[in-house]
Amino acid sequence: MPLTRFGWDPELEALFETCAREGLVPGRVLTATRESYRLATPHGELAAELSGRLRFASDSPTDLPSVGDWVAARVYSGDGLAIVDAVLPRRTALLRRAAGRRDEAQLLAANVDLLLVAAPLDGDLRARRIERFLALAREAGVPPAVVLTKSDLATDPDAAVAAARAVAGEAPVVAVSARTGAGLDALAPLLLPRRTAALLGPSGAGKSSLLNALLGETRQATLEVRERDLRGRHATTHRELFALPSGALLVDTPGLRELALWDGAEGVAATFDEVGSLAASCRFRDCRHEKEPGCAVREAATNGEIDESRLRAYEKLRREEEAQEMRRALGPARAERLRWKHIMG
């Protein structure tokens, strides 16, 4: 199996020289679960497990292999098994704060060249959700694009595209229908051979249907949304890297019920760049754009120069980032006490 099909290149070859001298082979992680992996290797696709050394040397879950990672593995061809000894340095990493109360990062996918933000058009467009995904991509240094799925069910697709472009900035916006094939030609130029895209979005956004349409066959299970509330249901249960007939690579992911950013300050600033541009004209350098006199951002919102809802979304994400920084500096319990003290005055 030629690994160039999965993005192997001279830069990775140079990084792997030491591992090659130790008798290891390169592999790319196609699937990753708690205890097992599937790799694309020069010997074909192999089931894999972690070596004890790698498992016990890892300080956090993000040190372990994830979908999209390049790894060094020892192959036992007679058993059809590989043992992963090391993870090669990542070019990019899509990180979010783990769901629940844990203050730790969750790695969604590694070595991604493009993030496709899936937003369904079978209901109201969730602009605030799109902004979060855009911030996640920009924090990771990954170019984003917005894919408006289920365009055949939209009451006004042109208005939806315009609304998405209003929050997407320079990111491309494409409306597609996996059912009819509409828009797939416009999406194709973004999916380049040997480059990896990740498809993220909520449950019921039609990600698996879109993947099946791009593959030209049904490889991922799909479920209809509930008619009573248009809420999506999880069809995809794990992340997986697929090779498309076009030569591009695509990571399909389960729907995300929540997306809390991890170290998202730069990504938020890039997503709401109009706020940063105006902030330079505020009277106070540390202006929080709340009630300070001479706030150029608030004045612009009052005059309709910027969208008030965008400003509220920016403030919400900024407060989340500040709360996260406080938890890390003070510990969760003390940070929570200080938060309630501030609320109660």
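Every residue in the range 268-298 that is within 23 Å of Ala166 (Cβ to Cβ) and not hydrophobic (A, V, I, L, M, F, W, C), please. Thr271, Asp273, Glu274, Gly276, Ser277, Ser281, His289, Arg298, listed by residue number. Pairs, please: C-beta under 6 Å, at least 6 apart or cross-chain, first residue under 20 Å from Ser66 (Cα atoms) and surrounded by 10 or more Cβ atoms within 10 Å (Cβ to Cβ) and in the range 11-40, second polar (S, T, N, Q) and modelled with pLDDT of 95 or more? From the range 11-40, the pairs are Val25/Thr41; Gly27/Thr41; Ala32/Ser66; Arg38/Thr31.
Under the condition of being in a strand (DSSP E or B) and within 16 Å of His238 (Cα to Cα), the residues counted in the range 29-46 number 7.
No other residue among Leu114, Leu121, Leu95, Leu108 is free of Cβ contacts under 8 Å to residues at least 60 places away in the same chain and either crowded, with 16+ Cβ neighbours inside 10 Å or within 18 Å of Cys19 (Cα to Cα) (or both) apart from Leu121. Checking Glu217, Glu131 one by one, the residue that is acidic (Asp, Glu) and part of a helix (DSSP H, G or I) is Glu131 and no other.
Listed here are the residues, each with its yes/no results for (1) over 21 Å from the mean Cα position of the chain (by Cα); (2) of a type in the set (Gly, Ala, Ser); (3) modelled with pLDDT under 95; (4) over 17 Å from Asp122 (Cα atoms).
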{"site": "Asp158", "(1), (2), (3), (4)": "yes, no, yes, no"}
{"site": "Pro172", "(1), (2), (3), (4)": "no, no, no, yes"}
{"site": "Gly183", "(1), (2), (3), (4)": "yes, yes, no, no"}
{"site": "Leu187", "(1), (2), (3), (4)": "no, no, no, yes"}
{"site": "Leu190", "(1), (2), (3), (4)": "no, no, no, yes"}
{"site": "Arg195", "(1), (2), (3), (4)": "no, no, no, yes"}
{"site": "Ser208", "(1), (2), (3), (4)": "no, yes, yes, no"}
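Of the helices (runs of 4 or more DSSP H) lying entirely inside the range 257-303, none contains at least 2 residues that are out of contact with any Leu (no Cβ under 9 Å at 6 or more places or on another chain), over 30 Å from Arg97 (Cα atoms) and of a type outside the set (Ser, Thr, Tyr). For the range 87-128, give me each residue that is part of a strand (DSSP E or B), more than 11 Å from the chain's Cα centre (by Cα) and either under 19 Å from Asp158 (Cα atoms) or modelled with pLDDT of 95 or more (or both). Val87, Ala119, Pro120 - these are the residues of the range 87-128 that are part of a strand (DSSP E or B), more than 11 Å from the chain's Cα centre (by Cα) and either under 19 Å from Asp158 (Cα atoms) or modelled with pLDDT of 95 or more (or both).
The values are calculated or read from the model by the stated rules, or taken from the named source; none is laboratory data. Here the structure is a predicted model, which is why all the values come from computation and not from measurement. Cβ sites come from the backbone with ideal geometry, for glycine too, and all protein chains shown count toward neighbours.
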